[in-house]
Structures are given as C-alpha cells and as structure tokens.
Amino acid sequence: MNTQKLKNRWLIALSAVGIHISIGSVYAYSVITNPVKDIFDVEGSVIKWAFKIAILLLGFSAAFLGPWVEKVGPKVSGTTAGIFYGLGILGSGLAVQLESLFLFYLCYGVIGGIGLGLGYITPVSTLVKWFPDKRGLATGMAIMGFGFSALIFGPVMQTFFETVGVANAFFLLGVIYMVLILASSRYIERPPEGYMPEGFKVGQDKTVKADISNVTAKEALKSSRFIYIWLMMFINITCGIAIIAAASPMMQEKLSYTPMQAAAVVGLIGVFNGLGRIIWSGLSDYLGRPNTYIIFFIFQILAFYFLPEITIEIVFLIILFTVITMYGGGFATLPAFLGDLFGTKQLGAIHGMVLAGWGLAGVIGPTIYDVVKNTTGSLDITLKVFSGLFVIAFIVSLLMKRSVNKAYNKMKSSTAVS
C-alpha cells in the first residue's frame, strides 16, 4: 500500500458531512411552506405534499439505487446526487416563477427526492470502510450533518426569501447545494482494499471486531436479522415522526404553552435530533449496537406511556428531548449496525433497502397519530398506542440481540477449532 497517496480519513468524513448538511436542508421545509403557498394561492397542506413526495422518493431511491451506488463508487454517486438535488431546487424556483404546482411537485418532490436518496447513502459504506474502529462515530458525524442542517439553512432560506424573492431564493439555494455536494464528492473515495487505520495493524494489541457476515444485498434480504432491523427502524421512525408532528399542540395542551413558546421548543427539537445522532452512534461503539437499540425502546415505551401524565415542565422537556435524541440516534447508529451484521460488500444497497421504511414511516406515523387522535379525541390514548408499538420493537430487539450473540459465539467456536 502506498501510504503517501492515502487520503485523510477525517477529511473523508468532513466531505460526507458536506453532502449531508446540504441534503438535510429538506428538514427546513416548514420555512418554505408559507412563502410558496402564497405564490400558488393554496393551503399549506397542499404545498407540504412536495415534502412528502421528497421523503418517499428518498426512501425508495435509496432502496432501488443502492446497488448502483455500490457499483460506481461514492465519487460518481455523490456527483449524481448533487446534480439531481441541485436541479430539483433550481427547478422549484422555475416552478414558482411559472406558478406551476405540478412542476413544483416534480422538481422538489421527485427530482430533488432522488438526489436526497442518493446523497444520503453515498457516504455511508465508504465511511464504514475508512473507520472500522469507530463505525458508529464516523457515520454519526455525517448523519448528524443531516439533522443539524435545518438550523443552518432555515435562517438562510428565510433571509433569501425576504431579500431576493421566492424564485430567486430557490435559484441561489440550488447553486449553493450543488456546489457543496459536488465539491465534497470530489474528495470522497473508498479506502484501499484491506485498509486498516494506524494503531490497528496486525500484531498490535488493538483489534477490530469481525463482522457477522459479508454478504450481498439479496442475501441480506433473506436473513431474519434484516427483518428484525427493518422492523426496529420502521417503528422507531414511525413513532418519532409522530411525536415530532405532535410536539407543538402537545406542549400547548399539557404545559399551557403559547404557540410561540411551543414553536421555540420545536426549534430545539432540531438541536437534540442532531446531537442524538453523534452521541448515540458514538456510544454504540462501546455499548454494542443491539444494546443501544434495547435502551432506545425501553426508554420510549415508558416515555410515550407516561408523557401525557407529566405536567412538571422541566421533566416533560427532558423526556421529550431524550426521545428526540433516540429518534436521531436510530438513524445514525443504523449504518454501523448494518456493517456489523452484513459486512461492507454491499452496505450502501442494504442501507438503502432499510431506508425504504423511512419513506413509509413518514406517511404512516402521522396518519396513525391523526386517525387515533381524531377517533378517540385523546392525546393520552394516542401516545399509549405508540408506546404499544415500542413494546413490539423491544421484543424484536431482544430477538436481534439473541441472534447476534449466537452468531458471535459460533464464530468464536469455529476460530477456536481452527
């Protein structure tokens, strides 16, 4: 191996953050809603369909284009993501200028959504290969960028809307995102075959825990562990999205907050979403991935069950923000967990297949919330339903832990025999 030409893995991680912080601007969509609905003279709910389509396309493009991402490598897929996402935002500006709602859905939702899916999975398998010793931390850094992006680009969007107009704001944003993603994609690349970081060379004390398997996406799809992790993520996202959607009215109802006070706390939710991605993914390197998810589900069973009963402000907020860290942490810990379970051969493709659940959960979570709330008229019953879903996720996580322990014990036995 020629170490002279070896790229700095921390700059690779920074490049991944550059991609994710750009596409994560989709989480600031609420800033877009009011200016755009006024242009089209429709209700905000009509404009929100572009966001729903984008998240749906994120999940399904990640699933279906995952094998292609693995085949062409992060430089090509990252560049493609930049072109799609950038064109999607630029096209949204044109749609606003032409006052074409269909074109807005097509550009922001479909074209932008494909860029989101490609950009989300592009750095993941690459980072796992560069950081075999710190998988959770590395993927958490990139995915943290996705969570924090709204804090950066939300105010930027609002400033652009107020100073240069709605259409021109989209044109500016499209150029910024495209440049950021394309520049980041120029540096990112896979490590050399068999790469190990300094301090983890053969014969030294430090070792990297072996993956349970190293399989293709098709092989992973047939395993019980894939079903377990898909269900765990689907439930975590479904319930997390629902509580994010319910946060403002819940605080107004339970803590007697004004809408403005509730909105301020919703802003803080973005902070804890981002923090959870780096904190929990980093901790998972030490706690173990199965144990991390078990902690998530035990806490959230209790949190969703008792949250409606709590009227002490500080206790309510601590529990709410902790739940949000676990929502973000679930996303960030996922790529490292998949690497442990299925290896790095087609990790991007496998990650994409699990993210299809994100697209479904984004629709199903808020729908369950609305249906139960409207049927029962009770926020307490609604959150208890989600607590029940977490009981299912907890049982699945125990099955996963048993399966993982069994696999590692089998590996130790075969190593001892050989």
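Details
- Its relative contact order, with pairs defined as Cα atoms under 8 Å and 6+ residues apart, puts the chain at 26 percent.
- Each Lys and Arg adds +1 at its Cβ and each Asp and Glu adds -1 at its Cβ; summed about the Cα centre, the chain shows a dipole of about 1660 debye.
- Of the listed residues R225, R277, the order by accessible area with a 1.4 Å probe, largest first, is R225, R277.
- Projecting label points 7 angstrom from Cα along Cα→Cβ for T322 and E309 puts them 1.5 nm apart.
- Over 29 Å apart at the Cα level, from the set K222/K373; K75/K134; K384/K410; K52/K384; K52/K373, are K222/K373; K384/K410.
- Stretching the chain fully between D380 and S256 yields a gain of 43.1 nm (0.36 nm per residue, less the alpha carbon separation).
- Among W130, W10, W230, W68, the sequence by solvent-accessible area, most first, with a 1.4 Å probe is W10, W68, W230, W130.
- Considering only alpha-carbon pairs that sit under 8 angstrom and 6 or more positions apart, the relative contact order computed for the range 105-256 is 23 percent.
- Cα-Cα over 32 Å, subset of K254/K401; K129/K412; K5/K401; K5/K406: K254/K401; K5/K401; K5/K406
- Between D370 and V72, the distance separating the two model label sites (each 7 Å from Cα on the Cα→Cβ line) works out to 3.5 nm.
- Debye log10 I(q)/I(0) for the chain, one point scatterer per Cα, at q = 0.09, 0.14 Å⁻¹: -0.55, -1.28
- Positive-end residue of N34, L127, A16, charge dipole of the range 1-148 with Cβ unit charges: L127
- Gap separating the Cα centres of the range 387-402 and the range 155-180, nearest whole Å: 43 Å
The values are calculated or read from the model by the stated rules, or taken from the named source; none is laboratory data. None of these values were measured; they are calculated from a predicted model. All Cβ positions, glycine included, derive from the backbone under ideal geometry; neighbour counts span all protein chains shown. Keep in mind that these areas ignore ligands, DNA and RNA; they rest on the heavy atoms of the full protein, side chains included. Shrake-Rupley method; radii C 1.70, N 1.55, O 1.52, S 1.80 Å.
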